[in-house]
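These notes are about the structure you will find just below.
The values are calculated or read from the model by the stated rules, or taken from the named source; none is laboratory data. All figures in this text were calculated on a predicted structure; none of them were measured in a lab. Methodologically, a virtual Cβ is constructed for each residue, glycine included, from the backbone with ideal geometry; neighbour enumeration extends over all protein chains shown. The area values use the complete protein model at the heavy-atom level, side chains included, leaving out ligands, DNA and RNA. Shrake-Rupley method; radii C 1.70, N 1.55, O 1.52, S 1.80 Å.
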Amino acid sequence: MHDIDRAERSVGRLLRRMAERRPDSPFLHCAGQSWSYGAFNEQANRFASFLTELGMAAGDKLAIMLPNSPEFLFAWLGASKANIAYVPINTEYRGAILAHQLNLADVGTMVIGAQFLDRLADVAAQLPRLKRVIVHGATGATGLPGHLARHDFAAFAAASAREPALLARHDDAFAISYTSGTTGPSKGALTTNCHVLTFALDFVKLTEFEPHDRLYTCMPLFHAVASWLGVLATMAVGGQCLVVERFSPGRYFDDVREFSATIGHTIFSMVPLLLKQPERPDDAKTTLRCIYLAQRNKTFEERFNCKIHEVYGQSETGIVTCAWPGETAPQGSCGHANTETYDVQIVDDVDNEVPAGTVGEFVVRPRQPFNMMNQYYNMPQQTVEAFRNLWFHTGDNGRMDADGYFYFVDRKKDALRRRGENISSYELESVINQHDKVLECAAIAVPSPLGEDDVKVVVVLRPGQPLSAQELWAHCQKHMPRFWIPRYIEFRENLPRTPTQKVEKYKLRGGENAGVTYDLEAHG
């Protein structure tokens, strides 16, 4: 199953095939419930029939605003069986951004948890395309306008479990997956069935995922890591997947042991949080053999006895660079280019390829059709801008060494420039996080009276571990270049985060809920 023919890279076709080949094999575990491939395929078929009975047709868009749950899985993969593109909505969204995403994606039908109905009611008057909502949970009084038809999610259980007559092709739209929108209105990446399954199959190859493996994901299902590299990758090989509601540093390895997981999901910010959990005698007795996606960390790998797969990629692309099994990349590198799937370059601001060792922007293009997103949906100007000069511009800075290994440096919007020197906030944060009393931190730029930037670091301390700004500056002086040393240190109880655990730096730059701040120059 690792090399599914391109013409067969359709999620609905794959699920049907696995249900035929492995009907009684365990597949998905979520919220205390489990399904075999055959049983889950029936649920997906019922939801596909339900959507068709409501009047939806191939090519329509179904928004899903649910937490990690069986209902999300039924709705998502049921839509794929009916060749209906799903639009995953971040469960934190409300107000203008919620209305923007539903309108931009031409959403006519929405699956929504009852706990989010008040948010929908607040913007319903701004949603002329929305015609019906499918509500999971007790509805109560919501204030939704009368023109919106309301349906009970549970009604899908009475629909037919027959296989749909026509399943999606590899080049049919599968999802409209939104970017974070931190530098402007969020953009919806229109992805095909082929794109998401190519992404999943590269993950399968990287992690050497086999049918006996068990994957554990704590990422939200509206995110590509949990859905495409969790559920779909598991489906591609006939393995098992455990989906939990959310990331918990204290529960992570308990969940892993209870499920006997062999492959785990993290993102970069999770590794420091897991490392700073109290050490236990059984830390190294985990069943995990590898985790994806984080920076290689020798201390983590030795303590928890598992390998970290560090890659570079995005939802719009897939796994762009990595170190394949049997290859050891230099420390800090995200590997070689994934040349079977992509061409990759590092370019300057006018798209000239830069020499080895020079920082520039990652640009990517596919080597076969439909390996990447087709477009930013309903945003032609942004699509043309992103694909200018026939390369997709990622918005990420990096460099390549003389041996062809790539290194992520920073998001272009997060890059710092101080007194003529460029600073990677990512690398600066790594040094701060090495301090035993620091739980996590975020580095941001603030305007300097001398021009360019001054550096500010927002720090969250470990509980019961006091640390002064002077002590932290001493740590910085010992472990980083002088021009990196932050002028400002701010202490907070926590960092603002998205549900995917990414730090919302725009809120830090805006001073929202600021803590006590210390100025190095004021302290001599």
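The number of residues in the stretch 508-524 being in contact with a strand residue (DSSP E or B) (Cβ under 7 Å, 6 or more places away or on another chain), surrounded by fewer than 17 Cβ atoms within 10 Å (Cβ to Cβ) and not polar (S, T, N, Q) comes to 5.
Condition check for ALA173 on (1) of a type in the set (Gly, Ala, Ser); (2) open to solvent by 60 Å² or more (accessible area, probe 1.4 Å); (3) under 24 Å from the mean Cα position of the chain (by Cα): one failure, at (2).
Take the conditions in a loop (DSSP other than H, G, I, E, B), within 29 Å of LYS187 (Cβ to Cβ), under 22 Å from the mean Cα position of the chain (by Cα) and charged (D, E, K, R) and apply them to GLU71. Does it pass? So GLU71 does not fit the description; no.
Pairs please, first residue from the stretch 249-274 and more than 21 Å from VAL438 (Cα to Cα), second anywhere and assigned to a helix (DSSP H, G or I) and among the polar types (S, T, N, Q), Cβ atoms under 7 Å, 6+ apart in sequence or on different chains. Close Cβ pairs (under 7 Å, with a partner that is assigned to a helix (DSSP H, G or I) and among the polar types (S, T, N, Q)) amount to ILE263/THR207. When TYR376 is tested against (1) touching a helix residue (DSSP H, G or I) at 6+ places or on another chain (Cβ under 6 Å); (2) open to solvent by 30 Å² or more (accessible area, probe 1.4 Å), only condition (2) is not met.
The rows are residues; the columns are (1) out of contact with any strand residue (DSSP E or B) (no Cβ under 7 Å at 6 or more places or on another chain); (2) crowded, with 17+ Cβ neighbours inside 10 Å; (3) of a type outside the set (Val, Ile, Thr).
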{"site": "GLN240", "(1), (2), (3)": "no, yes, yes"}
{"site": "ARG257", "(1), (2), (3)": "yes, no, yes"}
{"site": "THR266", "(1), (2), (3)": "no, yes, no"}
{"site": "MET270", "(1), (2), (3)": "yes, yes, yes"}
{"site": "LEU273", "(1), (2), (3)": "no, yes, yes"}
{"site": "THR286", "(1), (2), (3)": "yes, yes, no"}
{"site": "PHE304", "(1), (2), (3)": "yes, yes, yes"}
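I'd like the full set of residues that are assigned to a helix (DSSP H, G or I), within 16 Å of HIS435 (Cβ to Cβ) and in contact with a strand residue (DSSP E or B) (Cβ under 7 Å, 6 or more places away or on another chain), limited to the stretch 474-507.
Matches in the stretch 474-507: TRP484 only.
The residue of the stretch 199-254 that is nearest to the chain's Cα centre (by Cα), among those that are under 20 Å from LYS81 (Cα atoms) and among the small types (Gly, Ala, Ser), is ALA224.
Consider the stretch 312-340 and keep the residues that are among the β-branched types (Val, Ile, Thr) and surrounded by fewer than 22 Cβ atoms within 10 Å (Cβ to Cβ). The one that is farthest from ALA261 (Cα to Cα) is THR339. Quick one: would you say LYS131 is within 26 Å of ALA337 (Cα to Cα) and of a type outside the set (Ser, Thr, Tyr)? Answer is no for this residue. Only one entry in VAL438, VAL458 is touching a Gly at 6+ places or on another chain (Cβ under 8 Å), crowded, with 17+ Cβ neighbours inside 10 Å and either under 23 Å from VAL409 (Cβ atoms) or among the polar types (S, T, N, Q) (or both), namely VAL458. Within the stretch 493-516, residues that are without any contact (Cβ under 8 Å) to a residue 12 or more places away in the chain and among the polar types (S, T, N, Q) have Cβ atoms under 6 Å from residues that are open to solvent by less than 50 Å² (accessible area, probe 1.4 Å) and part of a loop (DSSP other than H, G, I, E, B) in no pair, counting only partners at least 6 apart in sequence or on another chain. Among the residues of the stretch 386-408, those that are assigned to a helix (DSSP H, G or I), more than 23 Å from the chain's Cα centre (by Cα) and not polar (S, T, N, Q) comprise ARG388, LEU390. Checked against the criteria, LEU197 does not count as surrounded by fewer than 24 Cβ atoms within 10 Å (Cβ to Cβ) and either in a loop (DSSP other than H, G, I, E, B) or at pLDDT 95 or above (or both). Scanning the stretch 475-500 for residues that are under 27 Å from the mean Cα position of the chain (by Cα) and open to solvent by 40 Å² or more (accessible area, probe 1.4 Å) gives GLU493, ASN494, ARG497. Here's a check for you: in the stretch 85-99, which residue that is touching a Lys or Arg at 6+ places or on another chain (Cβ under 7 Å) and open to solvent by less than 40 Å² (accessible area, probe 1.4 Å) is nearest to VAL123 (Cα to Cα)? Looking at residues that are touching a Lys or Arg at 6+ places or on another chain (Cβ under 7 Å) and open to solvent by less than 40 Å² (accessible area, probe 1.4 Å), I get LEU98. The residue that is surrounded by the fewest Cβ atoms within 10 Å (Cβ to Cβ), among those in the stretch 56-74 that are farther than 30 Å from PHE247 by Cα and in contact (Cβ under 8 Å) with a residue 60 or more places away in the chain, is GLY59.
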